Amino acid sequence: MGRVIRGSRKGKSLIFTAKTRLRKGAVKLRAVDYVEREGYMKGLIKNIIHDPGRGAPLCEVVFHDPYRYKLKKELWVAVEGAHTGQFVYAGAKAQLAVGNVLPVGKMPEGTVISMCEEKAADRGRFARA
């Protein structure tokens, strides 16, 4: 049969492909562990950055690792009202405030949310910018 030409292999055109080279990283919530299921973890927003190809800014949140002496960096979608130096809390017993992560069952009806998990502990699939 012959060879498939390179233009066909790459697709119709190169101008319609997503430019992923400059992306900052995968946006995920914190991995759910015992501390988050039974209590809460305190994190600090270190930086708010722009991610190319995304409508909302991202924030770098730093948590203390509960099992080892080190820091864990997470990349979240920055909600409106979040700022650098702000403490955010993730867990079942966290208060309802801007930037905090809570289970949907602990929130009252009508609460505005910015990220929601499809399945338990999938680290956020719905309503991401």
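Normalised by 2.2 N^0.38 Å, where N is the number of residues, the C-alpha radius of gyration of the stretch 70-129 stands at 1.13.
The P(r) of the stretch 40-94 has a tail past 19 Å containing 31 percent of all C-alpha pairs. For the stretch 64-119, chymotrypsin sites (Phe, Trp or Tyr not before Pro) are listed when DSSP marks them as loop and at most 11 other Cβ atoms sit within 10 Å of their Cβ; the list is Tyr67, Tyr69. Taking GluC sites (Glu not before Pro) in DSSP loop conformation with at most 11 other Cβ atoms inside 10 Å as exposed sites, the chain has its longest uninterrupted site-free stretch at 1-79. Taken about its Cα centre, the chain carries a charge dipole of roughly 1060 debye when the Cβ of each Lys and Arg holds +1 and the Cβ of each Asp and Glu holds -1.
Legend: distances between Cα atoms for Lys28/Lys73; Lys46/Lys93; Lys24/Lys46; pairs beyond 19 Å are Lys46/Lys93. Computed over protein heavy atoms with a 1.4 Å probe, the accessible surface of the chain works out to 74 Å² per residue. What's the FRET efficiency of Lys119 with Leu96 using the Cβ-Cβ distance as r and R₀ = 22 Å, to the nearest 0.05? Rounded to the nearest 0.05, the efficiency is 0.45. Starting from a Cα-only point model with no solvent, please compute log10 I(q)/I(0) by Debye for the chain at q = 0.10, 0.13, 0.20, 0.22 1/Å. Rounded to two decimals, the profile gives -0.41, -0.60, -1.21, -1.43.
The residue among Val32, Gly53, Val79 whose Cα reaches farthest toward the positive pole of the charge dipole of the chain, with charges on the beta-carbon of Lys, Arg, Asp and Glu, is Gly53.
Rolling a 1.4 angstrom probe over the chain with all protein chains present gives an accessible area of which 55% lies on carbon and sulfur atoms. As a length-normalised measure over Cα pairs under 8 Å and 6 or more apart, the relative contact order of the chain settles at 22 percent. The stretch between Ile48 and Ala31 holds 4.0 nm of extra length on full extension. This uses 0.36 nm per residue minus the Cα-Cα distance. Given DSSP loops and a limit of at most 10 other Cβ atoms within 10 Å, what is the longest stretch of the chain that contains no such trypsin sites (Lys or Arg not before Pro)? Formally, the longest exposed-site-free interval is 71-118.
The values are calculated or read from the model by the stated rules, or taken from the named source; none is laboratory data. Being a predicted model, the structure only gives us computed values, none of them experimental. Because the Cβ atoms are built from the backbone with ideal geometry, glycine has one as well, and the counts that use them run over all protein chains shown. Areas reflect the complete protein model, heavy atoms only, side chains present, ligands, DNA and RNA absent. Shrake-Rupley method; radii C 1.70, N 1.55, O 1.52, S 1.80 Å.
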